[in-house]
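Student: The following block contains the structure, expressed as structure tokens.
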Amino acid sequence: MNGILGGLYYAHSGARSDHADWQSLQNHEYKVGEMAAAFAAAFGAEEIARYTGQLHDLGKYSPEFNARLHGGSSVDHATAGAKIAFERWGKIAIGKLMAFCIAGHHVGLANGAGEGDNRSTLKQRLALQFGTDIPALDGVWQQEIKLPETLPVPPLKADAHHPYFSYAFFTRMLYSCLVDADYLDTEAFYAAIEGTTIERGGYPALSDLQTQLRRYLAGLCENAAQQSGADSAHAALNRLRREILDHATAQAAEAPGLFRLTVPTGGGKTFTSMSFALEHARQHDLRRIIYVIPFTSIIEQNAAAFHAAFAPLGAAVLEHHSTFDDSKLQKQDQSSKDKLRRASENWDAPVVVTTAVQFFESLFADRSARCRKLHNIAGSVIILDEAQMLPPNLLLPIVQAIKELAQNYHCSVVLCTATQPAVQAADGFYRGLENVREIAPEPEALFAQLRRTTVQHIGKQADADLLAKLGEYPQMLVIVNNRRQARSLYDAAAKQGLDGVFHLSTLMCAAHRRQTLESIRARLKNGAPCRVIATSLIEAGVDVDFPLVMRAEAGLDSVAQAAGRCNREGKQAAENSHVWIFAPEESWQNPPELAFQAEVMRVIARHHADDLLSTAAITAYFRELYTLKGRDLDKENILQKHSNAKTSLDFPFQTIADKFRMIKSPMLPLLIPFNSEAEKLIEALRHADHIGGLLRELQPYTVQIPEKALAALYTGGRIEPINEQNFGRQFYTLIGLDLYDEVAGLSWEDVGFLKEESLVF
């Protein structure tokens, strides 16, 4: 068979009939291969990635695909390269792993065998025959692509207990190199023929960020010293924070690997961890800092702190917490998919701030859009903020992923929290983390120095008891586990005519919460009455300082977080600053998981009543929690699903991605026209073609709700899709504000919605 058009095959079409602006297939395959190799250099897999890239579009060497470029029907162009890779290198396993990546570079990583969900397994794909099931290849490909006889084995130190997990993890990393290279080369080609400029890179160096952070923190220290004045307690706190920062930063010379930063609330762990990370990256030639936060509700707060610190250097911080998913778009809506892909981030910025859901689900993902960024995690310092919030039901595979990043991908991981989860082998955690080095100075002593509160369990408190205390104490914070209880208490307090009553929940958009918090902080500062009823969202990094906090029973880590909202600045003696733990009335019963954690907390409280928030008590709590959980620490059998593949390497990638969900009930964003700025941004979205930056601006005006609730609101005509023609049904806005309460945010009277959304985790 002779080549098309003078022996030339094409990867992508342009506008000109003479094909002068078309991209040749050889050019695309070569560029993708070289770019993928450059990406894989971070974990020593250049050659494997190079030839994965060169083979990914091999099926385009056919008249059938040429017809496709001229308006013909779709053609399977991915299976051919997978077959060639497997036939040439399958006996040494690497061919199988390459085949997974090549076959799935558009549709996603498939299951190796068995069954797939609307996706052929790799076994089925490899069984397809040239000339009958898929187009026969023009032999010219062998002249244009020169393949070696052998390839090096993956440079992996396979885990002793989970060796096949290591190979599956490597496959996702290799897949990431391929799909990102494919996206970027395709993007560059079309940008060139369209005469557009795509801005990528140009970020400041980590060394410059480090210098700027030192300068910024020096300024903060100077301002704090001036403001402290004669306040000796405040001055002592600032000195201690500086000592913690200096000590932690000095540990950066330690070899890359696993670390923990155990600092009590109020000890300045956000900037301390960043200072360590930048110095550690400088000394060990690491590439970026990835700051992982448990909740979307506080990601902006942390990112804003870093934006402020690095502002003189321009754009250095990428926030990745977008909630749209291009895999949910209609299959036929290819233009919408392309637009979303161009807007998606590949984490090439020097500082990335993201959520735990985004980070860990991506490590177990199967879709190209979510896996694309993975190779940029290699060679990073990863800070896991509030590490105790990692979900217990997925803890074993998460711990294994952390091990893998440190062992094979040149990452340093910092577990950063006041309440360290007992996930080390030294804590008795089964096959837990080893050689985890503490970078804080003497955590036990720090907890004694920074002790600000007296914690006490006061037994059962009915709503009437809580209302009585709200009336008795003019400044106090009540944290409950149930959104409905929070609203019920607020309404009752307001009905009594109590002054300065506020309500906080995640049914308020971030801009609304920020506005409310400004009022709360002003009242607290001025000594005015300030009675706040909130869900657990206020525990996650919200900087408020109450003389009294009441916390409904929960896990001991949540109690510690609540305590961090009491006497935060140490202006009162610890014995006069109370955190009261209480059991709510039966009508507000906790769900099983939270009830279980509360019971473990009560057990620990009986043995550590004298200091419930000591490091010993925290360790005992997590050790007991994890022991009782047992096999439920991997409730979806994620690790077993990897191990079951054994030497066949038939990893069920699609099934694993489906099972590894940190949030089981998918939450979707609803845009709220909260103010004129929100209305302006929503209107801009109606006419947008590219959405990346716009989505980040809209983030403060979104509320996350379940899919069922979104469907109900749509059926009821209370919301409408935005720019459906470009992006499918990804973005919805509330029509008007009659369902949005100025006190509590989104109000929806449907019982099913309220039941499903009754808790905040």
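Student: What do you reckon, is Thr655 in contact (Cβ under 8 Å) with a residue 12 or more places away in the chain, over 30 Å from Glu553 (Cβ atoms) and of a type in the set (Val, Ile, Thr)?
Tutor: Working: in contact (Cβ under 8 Å) with a residue 12 or more places away in the chain: yes; over 30 Å from Glu553 (Cβ atoms): yes; of a type in the set (Val, Ile, Thr): yes.
Criteria met by Thr655.
Student: Now a separate question. Taking the range 507-528 on its own, how many of its residues are in a helix (DSSP H, G or I), touching a helix residue (DSSP H, G or I) at 6+ places or on another chain (Cβ under 9 Å) and not charged (D, E, K, R)?
Tutor: The initial filter retains those residues of the range 507-528 that are in a helix (DSSP H, G or I), namely 510-526.
Now restrict to residues that are touching a helix residue (DSSP H, G or I) at 6+ places or on another chain (Cβ under 9 Å): 510-514, 517.
With the extra rule that they be not charged (D, E, K, R), the set shrinks to 510-512, 517.
Count: 4.
Student: While we're on this one: Consider Gly44 carefully, then state whether it is in contact (Cβ under 8 Å) with a residue 60 or more places away in the chain, small (Gly, Ala, Ser) and crowded, with 19+ Cβ neighbours inside 10 Å.
Tutor: Details: in contact (Cβ under 8 Å) with a residue 60 or more places away in the chain: yes; small (Gly, Ala, Ser): yes; crowded, with 19+ Cβ neighbours inside 10 Å: no.
No, not satisfied.
Student: Now a separate question. Do you know which residues across the range 361-394 are under 28 Å from Arg119 (Cα atoms) and either of a type in the set (S, T, N, Q) or assigned to a loop (DSSP other than H, G, I, E, B) (or both)?
Tutor: Residues of the range 361-394 under 28 Å from Arg119 (Cα atoms): 361-377, 393-394.
Within the range 361-394, Ser362, Phe364, Ala365, Asp366, Arg367, Ser368, Arg372, Lys373, Asn376, Asn393 qualify.
Student: For the range 657-707, how many residues are surrounded by fewer than 16 Cβ atoms within 10 Å (Cβ to Cβ), hydroxyl-bearing (Ser, Thr, Tyr) and either in contact with a strand residue (DSSP E or B) (Cβ under 6 Å, 6 or more places away or on another chain) or within 18 Å of Ala356 (Cα to Cα) (or both)?
Tutor: Qualifying residue count for the region: 1.
Student: Would you point out which residue out of Gly53, Gly108 is modelled with pLDDT of 95 or more, part of a helix (DSSP H, G or I) and crowded, with 18+ Cβ neighbours inside 10 Å? Steps first, answer last, please.
Tutor: Details: Gly108 fails: part of a helix (DSSP H, G or I).
Residue meeting the stated conditions: Gly53.
Yes/no matrix, rows are residues, columns are (1) modelled with pLDDT of 95 or more; (2) at negative phi; (3) touching a helix residue (DSSP H, G or I) at 6+ places or on another chain (Cβ under 8 Å):
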{"residue": "Ser505", "(1), (2), (3)": "no, yes, yes"}
{"residue": "Cys530", "(1), (2), (3)": "yes, yes, yes"}
{"residue": "Glu575", "(1), (2), (3)": "no, yes, no"}
{"residue": "Leu594", "(1), (2), (3)": "no, yes, no"}
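Student: Out of all the residues in the range 517-563, which are β-branched (Val, Ile, Thr) and closer than 24 Å to Arg606 by Cα?
Tutor: Going through the range 517-563, the residues β-branched (Val, Ile, Thr) turn out to be 520, 532-533, 535, 538, 542, 544, 549, 559.
If the condition is that a residue be β-branched (Val, Ile, Thr) and closer than 24 Å to Arg606 by Cα, then Val549, Val559 are the ones that fit.
Student: For Ile538, which of the numbered conditions (1) among the β-branched types (Val, Ile, Thr); (2) closer than 30 Å to Leu240 by Cα; (3) outside any helix (DSSP H, G or I); (4) at pLDDT below 90 fails to hold?
Tutor: (3)
Student: I'd like the full set of residues that are of a type in the set (A, V, I, L, M) and either closer than 15 Å to Gly459 by Cα or assigned to a loop (DSSP other than H, G, I, E, B) (or both), limited to the range 547-594. Talk me through it step by step, then tell me what you get.
Tutor: First, pick out the residues of the range 547-594 that are of a type in the set (A, V, I, L, M): 548-550, 552, 554, 556, 559-560, 562-563, 573-574, 579, 581, 583, 594.
Across the range 547-594, the qualifying residues are Val549, Met550, Ala552, Ala554, Val559, Ala573, Val579, Ile581, Ala583.
Student: Is it true that Leu649 is outside the structural domain of Tyr164 (by TED's automatic domain parsing), hydrophobic (A, V, I, L, M, F, W, C), farther than 22 Å from Phe727 by Cβ and surrounded by 13 or more Cβ atoms within 10 Å (Cβ to Cβ)?
Tutor: Numbers: outside the structural domain of Tyr164 (by TED's automatic domain parsing): yes; hydrophobic (A, V, I, L, M, F, W, C): yes; farther than 22 Å from Phe727 by Cβ: yes; surrounded by 13 or more Cβ atoms within 10 Å (Cβ to Cβ): yes.
Taking the combined requirement at face value, the residue satisfies it.
Student: Same structure again: Filter the range 713-741 down to the residues that are modelled with pLDDT of 90 or more and part of a helix (DSSP H, G or I), then identify the one that is farthest from the chain's Cα centre (by Cα).
Tutor: Thr715
Student: Which residues, taken from the range 418-452, are on the phi > 0 side of the Ramachandran plot and touching a residue at least 24 places away in the same chain (Cβ under 8 Å)?
Tutor: Within the range 418-452, the first condition is being on the phi > 0 side of the Ramachandran plot, and the residues that meet it are 428, 431, 435, 442.
Across the range 418-452, the qualifying residues are Gly428, Arg431, Asn435.
Student: Determine if the range 589-603 includes at least one residue that is farther than 28 Å from Asn393 by Cα, touching a residue at least 60 places away in the same chain (Cβ under 8 Å) and either within 30 Å of the chain's Cα centre (by Cα) or surrounded by fewer than 21 Cβ atoms within 10 Å (Cβ to Cβ) (or both). If you could, list the steps in order and put the result at the bottom.
Tutor: First, pick out the residues of the range 589-603 that are farther than 28 Å from Asn393 by Cα: none.
Within the range 589-603, not a single residue is farther than 28 Å from Asn393 by Cα, touching a residue at least 60 places away in the same chain (Cβ under 8 Å) and either within 30 Å of the chain's Cα centre (by Cα) or surrounded by fewer than 21 Cβ atoms within 10 Å (Cβ to Cβ) (or both).
Student: Of all residues in the range 453-462, count the ones that are loosely packed, with under 13 Cβ neighbours inside 10 Å and at negative phi. So that I can check it myself, show each step before the final result.
Tutor: Start the filter on the range 453-462 by keeping residues that are loosely packed, with under 13 Cβ neighbours inside 10 Å, which leaves 459-460.
Retained after the next criterion (residues that are at negative phi): 460.
Residues meeting the conditions: 1.
Student: Looking for whichever is over 19 Å from Arg370 (Cα atoms), assigned to a loop (DSSP other than H, G, I, E, B) and out of contact with any Asp or Glu (no Cβ under 8 Å at 6 or more places or on another chain) here; the options are Ala136, Ala113, Ala82. Which one fits?
Tutor: Details: Ala113 fails: out of contact with any Asp or Glu (no Cβ under 8 Å at 6 or more places or on another chain); Ala82 fails: assigned to a loop (DSSP other than H, G, I, E, B).
Step by step, each of Ala136, Ala113, Ala82 is checked, and only Ala136 is over 19 Å from Arg370 (Cα atoms), assigned to a loop (DSSP other than H, G, I, E, B) and out of contact with any Asp or Glu (no Cβ under 8 Å at 6 or more places or on another chain).
Student: Can you confirm whether Ile520 is buried (at least 21 other Cβ atoms within 10 Å of the Cβ), closer than 30 Å to Leu670 by Cβ and touching a residue at least 24 places away in the same chain (Cβ under 8 Å)? Don't jump to the end; show me each part of the working.
Tutor: Values: buried (at least 21 other Cβ atoms within 10 Å of the Cβ): yes; closer than 30 Å to Leu670 by Cβ: yes; touching a residue at least 24 places away in the same chain (Cβ under 8 Å): yes.
Yes, satisfied.
Student: Output the qualifying pairs, or none if there are none: Cβ atoms under 8 angstrom, residues six or more apart or on different chains, first residue in the range 493-511 and surrounded by fewer than 21 Cβ atoms within 10 Å (Cβ to Cβ), second residue polar (S, T, N, Q) and part of a loop (DSSP other than H, G, I, E, B).
Tutor: Filtered contacts from the range 493-511: Ala511/Asn675.
Student: For residues in the range 395-428 being among the hydroxyl-bearing types (Ser, Thr, Tyr) and assigned to a loop (DSSP other than H, G, I, E, B), which is farthest from Met662 (Cα to Cα)? Step through it out loud before you land on a result.
Tutor: Applying the first criterion (among the hydroxyl-bearing types (Ser, Thr, Tyr)) to the range 395-428 yields 409, 412, 417, 419.
Pick out the ones that are also assigned to a loop (DSSP other than H, G, I, E, B) and you get 409, 419.
Details: Tyr409: 23, Thr419: 20 Å.
Going through the qualifying residues, I end up with Tyr409.
The values are calculated or read from the model by the stated rules, or taken from the named source; none is laboratory data. Everything numeric in this text was worked out from a predicted model, so none of it was measured. Neighbour counts are summed over all protein chains in view; Cβ atoms, including those assigned to glycine, are modelled from backbone coordinates with ideal geometry.
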